[in-house]
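To keep things clear, I will list the structure first and then write my remarks on it.
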Amino acid sequence: MFIFGFFTLGILIGSFLNVAIYRIPKGESIVLPASKCQSCHSELKWYHNIPVFSWLFLRGKCGFCKSKIAAQYPIIELINGLGFAVLYYIIGLSWILLVLLAIFSIGLVLLMIKFNK
């Protein structure tokens, strides 16, 4: 049961990691403004930001202008979710797990920023 919880936490954090991957190289804030479509610049509704599920429900397209949303978004969320679940399975609930989860997520952000250059 805890594995599913860590997977869920991982995909939620993975959604935020996508914001960081997109905005940090541009020197933009990772907090504000709210997420928007990269094509039509419409501010996304809360239900457009549900990790993995929104991308599937919207069929990989913007809910407003129908432009394509990169598959990178759900992939990063799933990788982070799986990473969290696997690390919990291997390490168990401990303080070192929290450190390793943070390192895993930060490493994923750095890897993707480098990969996207």
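Rounded to the nearest 0.05, what FRET efficiency do residue 57 and residue 82 give with R0 = 30 Å and r taken as the Cβ-Cβ distance? Could you check? It would help to have the intermediate numbers written out before the result.
Details: r = 21 Å, r/R0 = 0.69.
Computed FRET efficiency for residue 57 and residue 82 comes out at 0.90.
List the residues, sorted by chain then number, that are 5 or more residues from residue 36 or on another chain and whose placed amide H is less than 5 Å from its amide H.
Here 44 satisfy the definition.
PRE reach from residue 2 (point 7 Å along Cα→Cβ): which of segment 75-90 fall under 13 Å by backbone N?
85-90
So what is log10(I(q)/I(0)) for the chain at q = 0.10, 0.14, 0.15, 0.23 1/Å, when the Debye sum runs over its Cα atoms only?
-0.32, -0.60, -0.69, -1.32
Quick one: accessible area per residue over segment 1-102, 1.4 Å probe, rounded to a whole number of Å²? Don't skip to the end; give the middle numbers.
Working: 6680 Å² over 102 residues.
Spelled out: the 1.4 Å probe surface of segment 1-102, per residue, equals 65 Å².
In the chain, what percent of the accessible surface is made up of carbon and sulfur (1.4 Å probe, ligands and nucleic acids excluded)? List each step's numbers first, then the result.
Details: 5730 of 7870 Å².
Roughly 73 percent, rounded to a whole number.
Grab the beta carbon distance between residue 42 and residue 12, set R0 = 25 Å, and tell me the FRET efficiency rounded to 0.05.
Details: r = 23 Å, r/R0 = 0.91.
Once rounded, the FRET efficiency stands at 0.65.
The values are calculated or read from the model by the stated rules, or taken from the named source; none is laboratory data. None of the values given here were measured: they were computed from a predicted structure. When we count neighbours, we look across all protein chains shown, and the Cβ atoms used for this are built from the backbone with ideal geometry, even at glycine. SASA here: full protein model, heavy atoms, side chains in, ligands and nucleic acids out. Shrake-Rupley method; radii C 1.70, N 1.55, O 1.52, S 1.80 Å.
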